[in-house]
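Q: First, the structure itself, so that you have it in front of you.
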Amino acid sequence: MTIITPTLTAYNQHQYREQLDRLKPFAKRIHLDLMDGEFAKTRSIDVDQLYWYEEFEKVDLHLMFQDPTDHIDQLIDLRPTLIVFHAESKGDIFYAMNKTQSNDIAAGVSLLQETSVESCKDLIAIADHVLIFSGALGSYGGQVDFTLTDKIKQIREINADCEIAWDGGVNKENAKRLQEAGVNVLNVGGAIARSEDPQAAYEELAKIIQ
């Protein structure tokens, strides 16, 4: 099964609230981008400014932080459904993932375009969720690089049960092909966020992958 998950990328509290309000009427699962201005060039709202509505049944946090362990306790206290850590971050990512899971929150690992599956196979082995990143860190946009779908088989050989997600460039022209390649979660940013009618854009994508 493949699902569409709207992505929220905001740089201040006004943008954040505006995007939450636009997604609230229809989205059950959302993907929140958090950037520190170092690992990603852009900076999001701070961790202590995070909130979301109870209408969202699942909330995924995507940490684009130089050292996500600095914030792990705060993030766990927010009780998201999933926290995704970048394999390329500094700090003890094993510790962060294990602590997240020990608090009954799913832990994921994200791989940038140039990061090989082999180089982070130990993280993938313990992950509940593996994110293949094909976008631009900390902003909407990016292009789907279909050569990255080769990672799907490699990930499955290491962890047959994890959820595989895609981030970057997903739209109505390529969603079906990504689904057929084996992606379980299609994180969609600009194609929904920049639409005049985000609910209609979401529903069109969901229909394509039914």
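Q: For n ≥ 4 DSSP H runs only, could you compute -39500 (n - 2.57) per run for the chain, divide by its residues and tell me the 222 nm figure to the nearest 500?
A: Rounded to the nearest 500, the figure is -8000 deg cm²/dmol.
Q: To the nearest 20 debye, what is the magnitude of the charge dipole of segment 101-205 about its Cα centre, counting +1 on the Cβ of each Lys and Arg and -1 on the Cβ of each Asp and Glu?
A: 200
Q: Pop out the ³J(HN,Hα) list for segment 104-112 in order, Karplus 6.51 cos²θ - 1.76 cosθ + 1.60 with θ = phi - 60°, rounded to Hz; leave Gly and Pro as x.
A: Values per residue, Gly and Pro as x: 6, 10, 5, 10, x, 10, 10, 10, 5 Hz.
Q: Over segment 6-87, what per residue volume does the convex hull of the Cα atoms give, in whole Å³?
A: Output value, Cα hull per residue: 83 Å³.
Q: So, one more: Under 5 Å between amide hydrogens, which residues at least 5 positions from ILE105 or on another chain qualify, with H placed 1.01 Å from N in the peptide plane?
A: none
Q: At most 11 other Cβ atoms within 10 Å and a DSSP loop assignment: could you name the GluC sites (Glu not before Pro) in segment 155-210 that fit?
A: Filter output for segment 155-210: GLU173, GLU196.
Q: I've got another one for you. If we count every other residue with Cβ under 9 angstrom of MET35's Cβ, Lys/Arg +1 and Asp/Glu -1, where does the sum land?
A: Cβ neighbours under 9 Å give a net charge of -1.
Q: Cα-based count: Lys pairs in the chain below 21 Å, eight or more positions apart or different chains?
A: Step by step, the pairs that qualify in the chain add up to 18.
Q: Under 8 Å for C-alpha pairs, at least 6 residues apart: give me the relative contact order for the chain, rounded to a whole percent.
A: 20
Q: Shifting gears a bit: Do any GluC sites (Glu not before Pro) in segment 75-154 lie in a loop, going by DSSP, with at most 10 other beta-carbon atoms within 10 Å of their beta carbon, and if so which?
A: Answer in residue order: GLU114.
Q: In whole Hz, what ³J(HN,Hα) sequence does segment 56-63 give by Karplus (6.51, -1.76, 1.60; θ = phi - 60°), x for Gly and Pro?
A: Values, residue by residue: 7, 6, 9, 10, 9, 9, 10, 8 Hz.
Q: Expressed as a whole percentage, what fraction of the accessible surface of the chain belongs to carbon and sulfur atoms when a 1.4 Å probe is rolled over the protein heavy atoms?
A: 44
Q: Keeping every protein chain present and rolling a 1.4 Å probe, give me the accessible area per residue for segment 1-43 in Å².
A: That works out to 48 Å² for each residue.
Q: Nothing charged except the Cβ atoms of Lys and Arg (+1) and of Asp and Glu (-1): what's the magnitude of the dipole of the chain about its Cα centre? Round to the nearest 20 debye.
A: With only Lys, Arg, Asp and Glu charged at Cβ, the dipole is about 520 debye.
Q: What FRET efficiency, computed as 1/(1 + (r/R0)^6) with R0 = 30 Å and r the Cβ-Cβ distance, is obtained for GLN15 and SER119, rounded to the nearest 0.05?
A: 0.30
Q: Next up: Please report the accessible area of SER116 (heavy atoms, 1.4 Å probe, ligands and nucleic acids excluded) in Å², nearest 10.
A: 50
Q: Using modelled amide H (1.01 Å from N, peptide plane; none on Pro or chain starts), what sits under 5 Å from the amide H of SER134, excluding residues fewer than 5 places away?
A: ASP167, GLY168
Q: Next question. Rg and Dmax of the chain, using alpha carbons, in Å: what are they?
A: Just the Cα atoms of the chain yield Rg and Dmax of 15.7, 43 Å.
Q: In addition: If the chain between ARG177 and TYR95 were fully stretched, how many nm would it gain, using 0.36 nm times the residue separation less the Cα-Cα distance?
A: 26.0 nm
Q: Rank SER89, GLY169, LEU137 by how far each Cα sits towards the positive end of the charge dipole of the chain (+1 on Lys, Arg Cβ; -1 on Asp, Glu Cβ) and give me just the farthest.
A: GLY169
The values are calculated or read from the model by the stated rules, or taken from the named source; none is laboratory data. Please read all numbers here as calculations on a predicted model, not as lab measurements. Quick reminder, even Gly has a Cβ in these numbers, built from the backbone with ideal geometry, and neighbours come from all protein chains shown. The area values use the complete protein model at the heavy-atom level, side chains included, leaving out ligands, DNA and RNA. Shrake-Rupley method; radii C 1.70, N 1.55, O 1.52, S 1.80 Å.
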